Amino acid sequence: MTMTPAKRNQDWMPNIFNDFFGNEWLDTFSHKVNPSVPAMNIIETDDEFKVELAAPGLKKEDFKVHVDNNELIISVEKKTETEDKKGKYLRREFGYTQFKQTLLLPDNVDKEHIEAKQDHGVLSINIKKKNKEEHPNTKPIEVK
């Protein structure tokens with residue numbers, strides 16, 4: 001079992017137009033060059049999955065990570081505002097960053113043992129796998 005990002009269709013045009021124009025490649029390309037979408041690694045080992053999200057300039061308070069059914073939802077919201085108060089406003093800067101990524105969790109993960117930490121501009125989420133004894137592939141059925 002692998003963990004994959006969930007694709008949400010957020011297009012405002014009906015799918016018939018997307019199919020007609022055949023612009024799926026544009027969606028894929030724009031995702032890779034969009035600076036507001038952090039780069040993500042998903043690593044699988046024998047014992048766990050590890051999700052790494054590039055998050056330079058963000059603090060742990062900017063993140064919300066939670067599980068909803070079989071989805072791991074990572075969201076970021078950060079507002080920044082700096083201003084120069086020397087007389088009238090000649091310069092005032094502000095910024096807003098918002099991001100949400102949903103990952104579909106496989107059946108073999110232990111949802112009770114998920115840990116997240118932010119360190120040196122990287123959000124790391126460790127998701128423990130269930131023991132094989134806890135998640136058997138076969139179940140004997142008694143014949144009566």
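Shown in residue order for the range 43-60 are the 3J(HN,Hα) couplings computed by the Karplus curve 6.51 cos²θ - 1.76 cosθ + 1.60 at θ = phi - 60°: 10, 10, 10, 5, 9, 7, 10, 10, 10, 10, 10, 5, 9, x, x, 9, 9, 4 Hz (x for Gly and Pro). Amide H to amide H distances under 5 Å link V122 with A55, where only residues 5 or more positions off or on other chains count and H is placed in the peptide plane.
Distances between placed amide hydrogens fall under 5 Å for I114 paired with no residue 5 or more residues away or on another chain.
Every number in this text was worked out from the coordinates using simple rules, so none of it is lab data. Just so we're clear, the structure is a prediction, and the values are computed from it rather than from any experiment.
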